[in-house]
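S.K.: The following block contains the structure, expressed as structure tokens.
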Protein chains: 2
Amino acid sequence: MPVLVMKFGGTSVATLDRIRRAAKRVGVEVAKGYDVIVIVSAMSGKTNELVGWVNETSPLYDAREYDAVVSSGENVTAGLMALTLQEMDVPARSWQGWQVPVQTTSAHASARIEAIPSDNIMAKFAEGMKVAVVAGFQGVSPEGRITTLGRGGSDTTAVAFAAAFGAERCDIYTDVDGVYTTDPRVESKARKLDKISFEEMLELASLGAKVLQTRSVELAMRYKVKLRVLSSFEEQSDDAGTLVCDEEEIMESNVVAGVAFSRDEAKMTLVSVEDRPGIAAAIFGTLSDGGVNVDMIVQNIAEEGRTDMTWSCPVDQVKRADAAMQKAASAGVFNYDELIVDEDVAKVSVVGIGMRSHTGVAAKMFKVLSDEGVNIKVITTSEIKISVLIDRKYMELAVQALHDAFELDKAS
Amino acid sequence: MPVLVMKFGGTSVATLDRIRRAAKRVGVEVAKGYDVIVIVSAMSGKTNELVGWVNETSPLYDAREYDAVVSSGENVTAGLMALTLQEMDVPARSWQGWQVPVQTTSAHASARIEAIPSDNIMAKFAEGMKVAVVAGFQGVSPEGRITTLGRGGSDTTAVAFAAAFGAERCDIYTDVDGVYTTDPRVESKARKLDKISFEEMLELASLGAKVLQTRSVELAMRYKVKLRVLSSFEEQSDDAGTLVCDEEEIMESNVVAGVAFSRDEAKMTLVSVEDRPGIAAAIFGTLSDGGVNVDMIVQNIAEEGRTDMTWSCPVDQVKRADAAMQKAASAGVFNYDELIVDEDVAKVSVVGIGMRSHTGVAAKMFKVLSDEGVNIKVITTSEIKISVLIDRKYMELAVQALHDAFELDKAS
């Protein structure tokens with residue numbers, strides 16, 4: 001039998017009624033002849049509650065215990081989903097991560113999946129079981145401890161199962177009906193994409209589109225897993241949602257596929273640090289050790305022998321970055337005049353594989369922003385995306401103007 | 001290092017504050033030089049919530065999935081307790097049932113513990129870990145599925161660990177400060193016992209005293225595990241609570257140790273069934289198959305060749321018993337004139353190992369009840385207990401009168 005992986009996120013299993021609705025969708029696929037692997041998240045809110053308890057108990061928690069606690073929500077949903085399917089006369093059973101086993105690294109709270117042996121579940125399929133319900137987000141370390149894959153990790157679980165079982169497709173059921181050209185809450189003309197390439201999806205996910213966990217897209221790209229994002233709240237046809245696939249499968253597409261944004265960014269500038277080999281490594285090594293996720297980096301020459309170093313990071317990591325810099329300075333690792341912090345910036349990006357073959361996208365983007373009077377603070381580019389840091393108050397304006405200018409409301 | 005087992009019930013870990021208070025108690029024992037195994041229940045209310053979800057999802061649930069769902073509450077508490085201890089600089093880690101592993105039978109929802117290999121945890125103790133926090137109530141079947149031990153099963157987990165690790169003692173922390181001569185809510189003169197024998201505790205637990213799960217007392221008796229019941233809400237001295245131990249360790253005791261009662265009983269009489277060999281087996285086999293827990297049994301001769309069969313059972317099983325009898329009659333297994341049901345009875349029992357050597361306890365009990373005008377409907381006895389079924393409205397009166405008559409408010 002062909003295998004299909006279906007993943008249901010937290011809002012799709014938030015209540016017993018919603019679990020029933022999800023189970024009905026699973027039943028439809030079973031009726032089509034699939035052996036189905038269902039990956040479930042915790043009921044929405046549950047994981048946050050557990051994380052809250054852990055943080056309140058131990059601010060600098062032992063990540064192994066964190067994982068033991070926060071993984072429990074998925075176990076509940078997996079059992080309830082299996083019971084619901086059984087009530088519908090669909091042969092099903094639940095599997096917790098360690099039962100499969102989903103073998104991961106020992107990097108607790110952000111473990112990576114290393115292997116998913118398929119024999120246990122395949123043996124049950126051979127015996128007539130139609131649905132394996134697997135608790136998402138969790139695995140087991142070589143030491144036999146429970147691990148978790150980081151927030152949103154159930155997407156990664158789903159893609160990894162699809163790869164391990166050679167699934168025909170991996171359907172991600174969520175609370176939106178697909179991937180949009182941008183967030184419809186910011187631009188009402190945002191259009192749902194029927195297809196998007198892995199590369200574009202990866203950029204969009206990294207750049208702040210929350211529809212899929214970045215790592216799950218990486219994994220899908222590497223193993224050529226056809227990913228479909230669709231809503232669990234609507235009746236579904238076979239071509240519903242958005243298919244994330246190889247770019248070869250997309251006949252025509254716009255030069256720009258979407259506009260992504262990330263609201264809560266900060267820009268930090270270290271003024272007048274000595275300009276010597278190794279200074280960047282010293283600064284960004286210090287930030288990394290301090291737990292700061294640096295995004296964009298720009299270096300300006302300030303004066304002879306001195307340089308200014310600018311970076312962006314999530315706004316809630318500013319204090320941490322400041323502390324790390326002060327500590328490094330007092331330890332004599334490097335010195336600087338001052339650290340300028342701008343906590344009111346946002347990042348806006350345009351993404352599209354068409355940029356590889358079309359020139360002028362960057363120029364057009366800068367002109368659009370300039371015409372709207374939006375000052376660009378930092379620019380970074382990759383082969384298929386351009387990102388700019390701007391004042392946060394202009395974020396919505398910039399997204400709307402770019403969406404318009406690149407005609408994203410129109411299909412190619 | 002000597003090993004101590006400490007078990008904390010649901011009310012003792014109901015909030016993060018209470019977990020902290022429990023952890024402090026654990027810290028006190030660690031400071032005394034013990035390696036401690038802590039057994040935790042789910043936060044109070046959590047297991048009921050999970051059971052409710054399962055019942056709502058699937059009234060005739062697959063017990064394997066029931067177990068997978070309802071065991072999750074203990075995992076949360078175990079992780080939080082380990083984190084709390086770590087915050088207090090006590091080296092600790094959590095263990096879920098399958099990690100130890102707590103090997104059980106495959107009788108899901110009421111599994112029995114078969115073995116608890118001590119090597120994993122002992123190896124950690126040898127490395128310097130001071131506390132192993134174990135999720136109570138759960139284990140793993142030979143098939144690798146999660147099992148649970150039945151409601152109150154964490155007591156059994158605790159005693160089984162104490163036996164497996166040769167623990168010096170098993171302390172059961174709960175919301176009462178020990179075992180009482182009777183329920184203080186019914187008799188204000190009820191007195192906490194300093195010591196009680198395994199046999200007496202077993203009878204009291206079976207007869208309705210809710211302080212310990214019956215099976216845990218059986219296990220403690222078999223493996224000579226010293227059990228102590230004490231409150232997690234009071235400052236504790238070394239001799240706090242009640243010690244459940246071998247009768248040899250109790251120098252002097254009252255003839256009667258306690259008065260137990262069970263409020264929600266029903267009395268059912270099958271009138272005029274044929275009196276032939278095998279009739280009792282047919283009737284009680286039918287009731288057992290129908291899921292009825294029969295307690296007391298009395299047989300009266302009604303007339304030549306016919307007999308009346310009377311039994312008691314929990315009042316919420318009356319409908320089930322009635323249905324089983326009607327089904328058996330229409331299938332021709334046996335016949336009867338009518339089934340008389342009295343749903344307003346309660347069971348009152350006096351328990352004491354002193355009864356073995358003292359005569360007259362039964363006579364005194366019957367006289368006390370008679371003097372109070374309480375009619376006795378059914379009597380059963382064992383070597384160390386006498387139980388009577390009476391009208392429910394007299395239950396409190398009977399308990400108080402017996403408590404007075406046997407001078408249970410006075411220490412021996």
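S.K.: Assess whether A:Ser216 counts as being in contact with a strand residue (DSSP E or B) (Cβ under 7 Å, 6 or more places away or on another chain) and closer than 28 Å to A:Leu149 by Cβ. Full working, then the answer.
M.R.: On the way: in contact with a strand residue (DSSP E or B) (Cβ under 7 Å, 6 or more places away or on another chain): no; closer than 28 Å to A:Leu149 by Cβ: yes.
No, not satisfied.
S.K.: When you check A:Leu408 against the structure, is it surrounded by fewer than 18 Cβ atoms within 10 Å (Cβ to Cβ) and either within 30 Å of A:Met251 (Cα to Cα) or modelled with pLDDT of 90 or more (or both), yes or no?
M.R.: Details: surrounded by fewer than 18 Cβ atoms within 10 Å (Cβ to Cβ): no; either within 30 Å of A:Met251 (Cα to Cα) or modelled with pLDDT of 90 or more (or both): yes.
Spelling it out, it is not the case that A:Leu408 is surrounded by fewer than 18 Cβ atoms within 10 Å (Cβ to Cβ) and either within 30 Å of A:Met251 (Cα to Cα) or modelled with pLDDT of 90 or more (or both).
S.K.: Of all residues in region B:218-268, which are outside any strand (DSSP E or B), charged (D, E, K, R) and closer than 16 Å to B:Gly208 by Cα?
M.R.: Result: B:Glu218, single match.
S.K.: Counting just the residues of region A:153-187 that are of a type in the set (Val, Ile, Thr) and crowded, with 22+ Cβ neighbours inside 10 Å, which one comes out nearest to A:Lys32 (Cα to Cα)?
M.R.: So, considering only residues that are of a type in the set (Val, Ile, Thr) and crowded, with 22+ Cβ neighbours inside 10 Å, the one nearest to A:Lys32 (Cα to Cα) is A:Ile172.
S.K.: Something else now. Does region B:319-327 include one or more residues that are open to solvent by 20 Å² or more (accessible area, probe 1.4 Å) and either touching a Phe, Trp or Tyr at 6+ places or on another chain (Cβ under 8 Å) or among the hydrophobic types (A, V, I, L, M, F, W, C) (or both)? It would help to see each step written out before you state the result.
M.R.: Residues of region B:319-327 open to solvent by 20 Å² or more (accessible area, probe 1.4 Å): B:319-320, B:322-323, B:326-327.
Adding the requirement that they be either touching a Phe, Trp or Tyr at 6+ places or on another chain (Cβ under 8 Å) or among the hydrophobic types (A, V, I, L, M, F, W, C) (or both) leaves B:323.
Checked region B:319-327: at least one residue is open to solvent by 20 Å² or more (accessible area, probe 1.4 Å) and either touching a Phe, Trp or Tyr at 6+ places or on another chain (Cβ under 8 Å) or among the hydrophobic types (A, V, I, L, M, F, W, C) (or both).
S.K.: Right, another one. Give just the number: which of (1) in contact with a Cys (Cβ under 8 Å, 6 or more places away or on another chain); (2) facing chain B (nearest Cβ under 9 Å) does A:Val5 not satisfy?
M.R.: Going through (1) in contact with a Cys (Cβ under 8 Å, 6 or more places away or on another chain); (2) facing chain B (nearest Cβ under 9 Å) one by one, A:Val5 breaks only (2).
Table: residues versus (1) without any contact (Cβ under 8 Å) to a residue 40 or more places away in the chain; (2) small (Gly, Ala, Ser).
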residue	(1), (2)
B:Ala23	no, yes
B:Ile37	no, no
B:Lys46	yes, no
B:Val54	yes, no
B:Pro59	yes, no
B:Ala63	no, yes
B:Asn75	no, no
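S.K.: Kindly indicate the residue of region A:254-267 that is open to solvent by 20 Å² or more (accessible area, probe 1.4 Å) and touching a Leu at 6+ places or on another chain (Cβ under 7 Å) and also farthest from A:Ala205 (Cα to Cα) among those meeting that condition. Steps first, please.
M.R.: At the first step, the residues of region A:254-267 found to be open to solvent by 20 Å² or more (accessible area, probe 1.4 Å) are A:254-255, A:261-264, A:267.
If we keep only those that are touching a Leu at 6+ places or on another chain (Cβ under 7 Å) too, we end up with A:254, A:262, A:267.
Values: A:Asn254: 18, A:Ser262: 11, A:Lys267: 21 Å.
Filtering first and then ranking leaves A:Lys267.
S.K.: Pick out, from region A:90-152, the strands (runs of 3 or more DSSP E) lying fully within it that include 1 or more residues that are within 13 Å of chain B (Cβ to nearest Cβ) and in contact with a strand residue (DSSP E or B) (Cβ under 6 Å, 6 or more places away or on another chain). Break it down into steps so the answer makes sense when it comes.
M.R.: On the way: elements: A:92-95, A:113-115, A:131-135, A:138-140, A:146-148.
So the answer is A:92-95, A:131-135, A:138-140, A:146-148.
S.K.: Being in contact (Cβ under 8 Å) with a residue 60 or more places away in the chain, surrounded by fewer than 22 Cβ atoms within 10 Å (Cβ to Cβ) and under 21 Å from the mean Cα position of the chain (by Cα) is the filter here, so list the residues in region B:241-253 that pass it.
M.R.: Taking region B:241-253 first, the residues in contact (Cβ under 8 Å) with a residue 60 or more places away in the chain are B:241-242, B:244, B:247, B:252-253.
Of the ones still in play, those that are also surrounded by fewer than 22 Cβ atoms within 10 Å (Cβ to Cβ) are B:247, B:252-253.
If the condition is that a residue be in contact (Cβ under 8 Å) with a residue 60 or more places away in the chain, surrounded by fewer than 22 Cβ atoms within 10 Å (Cβ to Cβ) and under 21 Å from the mean Cα position of the chain (by Cα), then B:Glu247 is the only one that fits.
S.K.: Cβ-Cβ under 8 Å, sequence separation 6+ or interchain: first residue in region A:110-130 and over 26 Å from A:Thr214 (Cβ atoms) and at pLDDT below 95, partner assigned to a loop (DSSP other than H, G, I, E, B) and open to solvent by 40 Å² or more (accessible area, probe 1.4 Å). Which pairs?
M.R.: Final answer for the pair search is none.
S.K.: May I pose another question? Quick one: B:Val36 ticks every box in (1) aliphatic (A, V, I, L, M); (2) buried (at least 19 other Cβ atoms within 10 Å of the Cβ); (3) within 13 Å of chain A (Cβ to nearest Cβ) except a single one, so which number is it?
M.R.: Going through the list (1) aliphatic (A, V, I, L, M); (2) buried (at least 19 other Cβ atoms within 10 Å of the Cβ); (3) within 13 Å of chain A (Cβ to nearest Cβ), B:Val36 breaks only (3).
S.K.: Exactly one condition in (1) open to solvent by 10 Å² or more (accessible area, probe 1.4 Å); (2) over 22 Å from B:Val40 (Cβ atoms) is false for B:Glu200; which is it?
M.R.: Failed condition: (1).
S.K.: What are the residues in region B:284-319 that are more than 28 Å from the chain's Cα centre (by Cα) and farther than 23 Å from B:Thr381 by Cβ, if any?
M.R.: Within region B:284-319, B:Ala302, B:Glu303, B:Glu304, B:Gly305, B:Arg306 meet the criteria.
S.K.: Please list, ordered by first then second residue, the pairs with beta carbon atoms under 8 Å, 6 or more apart or interchain, first in region B:387-412 and among the basic types (Lys, Arg), second open to solvent by less than 10 Å² (accessible area, probe 1.4 Å) and not in a helix (DSSP H, G or I).
M.R.: Final answer for the pair search is B:Arg392/B:Val345; B:Arg392/B:Ala346.
S.K.: Looking at (1) within 25 Å of A:Thr380 (Cα to Cα); (2) out of contact with any Asp or Glu (no Cβ under 7 Å at 6 or more places or on another chain); (3) in contact (Cβ under 8 Å) with a residue 40 or more places away in the chain; (4) not in a strand (DSSP E or B), can you tell me which one A:Ile196 breaks?
M.R.: Going through (1) within 25 Å of A:Thr380 (Cα to Cα); (2) out of contact with any Asp or Glu (no Cβ under 7 Å at 6 or more places or on another chain); (3) in contact (Cβ under 8 Å) with a residue 40 or more places away in the chain; (4) not in a strand (DSSP E or B) one by one, A:Ile196 breaks only (4).
S.K.: Filter region B:44-89 for residues that are more than 8 Å from every other protein chain (Cβ to nearest Cβ), in a loop (DSSP other than H, G, I, E, B) and in contact with a helix residue (DSSP H, G or I) (Cβ under 6 Å, 6 or more places away or on another chain) and give the result.
M.R.: Listed by number, the residues that qualify are B:Ser44, B:Met88.
S.K.: Here are A:Lys130, A:Lys46, A:Lys124: which of them is more than 19 Å from B:Ala135 (Cα to Cα), open to solvent by 20 Å² or more (accessible area, probe 1.4 Å) and in contact with a Pro (Cβ under 6 Å, 6 or more places away or on another chain)? Outline the logic, then answer.
M.R.: Numbers: A:Lys46 fails: in contact with a Pro (Cβ under 6 Å, 6 or more places away or on another chain); A:Lys124 fails: in contact with a Pro (Cβ under 6 Å, 6 or more places away or on another chain).
From the options A:Lys130, A:Lys46, A:Lys124, the qualifying one is A:Lys130.
The values are calculated or read from the model by the stated rules, or taken from the named source; none is laboratory data. On a predicted model such as this, the values are computed, not experimentally measured, just so you know. So basically every Cβ, Gly included, is an ideal-geometry build from the backbone, and we count neighbours across all protein chains shown. Ligands, DNA and RNA are excluded from the accessible area calculation, which covers all protein heavy atoms including side chains. Shrake-Rupley method; radii C 1.70, N 1.55, O 1.52, S 1.80 Å.
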